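No value in this document is a laboratory result; all are computed from the given coordinates. Source: prediction; values computed, not measured. Positions of Cβ are backbone-derived with ideal geometry, glycine not excepted, and every protein chain shown enters the neighbour counts.
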């Protein structure tokens, strides 16, 4: 294998950018750690999800682009395996391409998530609505559909007092600057915390006090 060789100054400049990027990412994470209100919202969201599963409800998740990937990751960790073996949990991301293209073609892309909630959601279920801006129209309409069908709604957003956040029962807002990538980095951390909080409630044997 040929080793990639870059000019020394270019490598030095790129290493500097790598460090600056990591420092910026650490700064926004430290800011989240110090935000007591958001920490409380994350804890409340974890409790709400745990109660949903305990009561026989299902959890749906949705988002666009990278947020759809986060929604899918959230659902597969719950239905599959997170840290240790345990029973599967009923979670589903609204992400099937056949369904999405059908509804987008027939009713418009803004309806792709709301239509699914209209079809499958019911009282006692929960929706995790992910939007870095907090303004995505199709996610907002899904939240409205969920509220109409008496689902609990947890929003995962990146701007305070956004339209989606204001409609949700719990708004986990992680502001991280003007670019979505920093917000998404915090979102995946929140998602992993939410899954752990669910497991700690439903499968405490997997989290012994001395572990």
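Taking the longest Cα principal axis of the chain as reference, the axis of helix 8-33 is set at about 40 degrees.
Based on Cα atoms of region 11-201, Rg over Rh with Rh as the Kirkwood radius reads 0.99.
What FRET efficiency comes out for residue 37 versus residue 185 if R0 is 30 angstrom and r is the Cβ-Cβ distance? Round to the nearest 0.05.
For residue 37 and residue 185, the calculated efficiency is 0.90.
Rg and Dmax over the alpha-carbon atoms of region 14-96 stand at 16.5, 51 Å. Using Cα centres only, tell me the gap between region 104-182 and region 42-86 in whole Å. Their Cα centres are 14 Å away from one another. Given their separation in residues at 0.36 nm each and the Cα-Cα distance between them, residue 79 and residue 109 gain 8.1 nm when the chain is fully extended.
How far, in degrees from 0 to 90, does helix 180-202 lean away from the longest principal axis of the Cα atoms of the chain, to the nearest 10? Here the helix axis deviates by roughly 50 degrees.
Among 133, 162, 87, the largest mean-square fluctuation in a Gaussian network model of the chain, built with springs joining Cα atoms closer than 10 Å, belongs to 87.
Result for the chain in a Gaussian network model with C-alpha springs under 10 Å: among 84, 137, 184, the largest mean-square fluctuation is at 84. For 94, 130, 170, the sequence from fewest to most other C-beta atoms within 10 Å is 170, 94, 130.
When DSSP beta bridges are restricted to pairs lying wholly in the chain, around 0% turn out antiparallel.
How far, in nm, would the chain grow between residue 51 and residue 207 when pulled straight, counting 0.36 nm per residue and subtracting the alpha carbon separation?
Full extension from residue 51 to residue 207 adds 54.4 nm.
222 nm [θ] for the chain, helices only, -39500 (n - 2.57) per DSSP H run of 4+, per residue, to 500?
So the helix-based figure for the chain works out to -18500 deg cm²/dmol.
Counted residue by residue at 0.36 nm each, then reduced by the alpha carbon distance between them, the extension gain from residue 161 to residue 25 reaches 46.7 nm.
Here the spin labels are modelled as points 7 Å beyond Cα on the Cα-Cβ line, and at residue 88 and residue 17 they lie 4.4 nm apart. Between 73, 187, 120, the Gaussian network model of the chain with springs among Cα atoms under 10 angstrom shows the greatest mean-square fluctuation at 120.
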